[in-house]
1. What is the packing order of peptides 246-253, 89-96, 193-200, taking the mean over residues of other C-beta atoms within 10 Å and listing the highest first?
2. Starting from the amide H of C240, placed 1.01 Å from N in the peptide plane, find each other amide H under 5 Å away whose residue is 5 or more places distant or on another chain.
3. If you take the charge dipole of the chain about its Cα centre, with +1 on Lys and Arg Cβ and -1 on Asp and Glu Cβ, which of Y115, Y6, Y164 is farthest toward its positive end?
4. Okay, helix-only estimate at 222 nm for the chain: each DSSP H run of n ≥ 4 adds -39500 (n - 2.57), divide by all residues, round to 500 deg cm²/dmol; what do you get?
5. Any idea how far the Cα center of segment 235-263 sits from the one of segment 40-104, in Å?
6. For N236 and L174 in the same chain, what is the full-extension length gain: residue separation times 0.36 nm, less their Cα-Cα distance, in nm?
7. Out of the trypsin sites (Lys or Arg not before Pro) in segment 141-239, which ones are loop residues according to DSSP with at most 16 other C-beta atoms within 10 Å?
8. Go through F38, S79, V100 and say which Cα lies farthest out towards the positive end of the charge dipole of segment 23-110; charges sit on Cβ, +1 for Lys and Arg, -1 for Asp and Glu.
Amino acid sequence: MSSHSYISNPKNKDIFININGELFHRDNAKISVFDSGFLLGDGVWEGIRLHKSKLVFISEHLERLFNSARGISLQIPLSKEDIIFEIEKVLLKNKMTDDVHIRLIVSRGDKITPYQNPNANIGPINFVIIPEYKKTDPKIYKNGITIGRVSTIRPSENILSTHYNTLSKLNCILASIEANKLNYDEGIMNDPNGNISTCNSTNLFFIKNNRVLTSTGKFCLNGITRSKAIEVCKINEIPCNETNFTFEDIRDCEEAFVTGTFAGIIPVSKIENNMLSSTNTNSLVNKIRASYNQYINQSIES
């Protein structure tokens with residue numbers, strides 16, 4: 001079980017993928033071995049949900065995409081409208097309307113030789129849109145996930161801003177490997193100052209004395225779902241603080257949850273050896289999750 005557990009769909013064997021505006025069956029969807037993303041992880045990406053024929057929070061996702069690109073001096077010669085058109089083109093080809101997760105990738109393009117300096121790049125960007133039928137496994141909401149501390153930390157801004165959603169995910173991958181070895185579904189990562197920052201692939205919230213606690217956001221990805229969860233708490237008058245805190249401050253918390261585009265709000269049932277009440281029917285986590293799901297439906301209907 002993980003925060004990205006999903007129900008396998010055989011339709012994904014025959015999906016079409018958009019590569020630079022052309023549509024290819026997945027068996028024929030190829031990128032050059034000289035692509036900057038493949039060689040160096042040089043690019044940016046977004047994960048986007050299609051729910052009831054609507055691209056959920058698409059404006060926020062594209063804003064983050066372009067901010068990330070500017071942060072690494074990557075020029076995207078497409079408008080937001082162009083990108084939406086390309087997404088909708090491949091969705092139409094696949095006849096997709098619901099329960100779809102889209103991976104949008106933009107790399108710096110092909111190189112003339114495997115060399116890190118962008119002056120070795122010889123062409124335009126490469127962009128890829130991979131839409132898949134992906135429905136969250138409902139067991140993760142019933143059973144929750146297990147999280148625990150790992151030693152891998154989030155980098156400071158003078159190494160690489162964690163607000164840039166880049167293809168260079170090795171920091172999080174190493175934390176994920178460490179978590180797997182410790183039998184955790186996700187690893188709790190500290191920031192450079194020893195405060196809790198995030199999990200390796202999701203953002204993290206704790207509940208103690210009916211108050212929600214999360215990091216300042218300085219050293220974690222500026223998650224779209226994270227920001228919506230904070231907004232949902234405010235709407236429902238649930239105290240939610242973005243602040244610095246350590247593991248000792250939340251060791252005895254009653255509930256916790258993680259957030260991500262794919263699965264939304266996921267209860268944490270266990271932090272290391274401590275069992276939590278997050279999956280209980282009347283938990284505050286479930287109240288926040290229900291409100292978040294309602295928030296999504298209202299946003300796509302407006």
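Only the coordinates and a few stated rules stand behind these numbers; no lab work does. Predicted model, so just to flag it, every value in this text is computed and none were measured. Cβ: placed from backbone, ideal geometry, glycine included. Neighbour counts: every protein chain shown.
1. Highest to lowest by the protection proxy: 193-200, 89-96, 246-253.
2. HN-HN under 5 Å from C240: V212.
3. Y6
4. Only helices count here, giving -8500 deg cm²/dmol.
5. 28 Å
6. Gain on extension, N236 to L174, equals 18.6 nm.
7. Answer by residue number: K169.
8. It is V100, whose Cα lies furthest towards the positive end.
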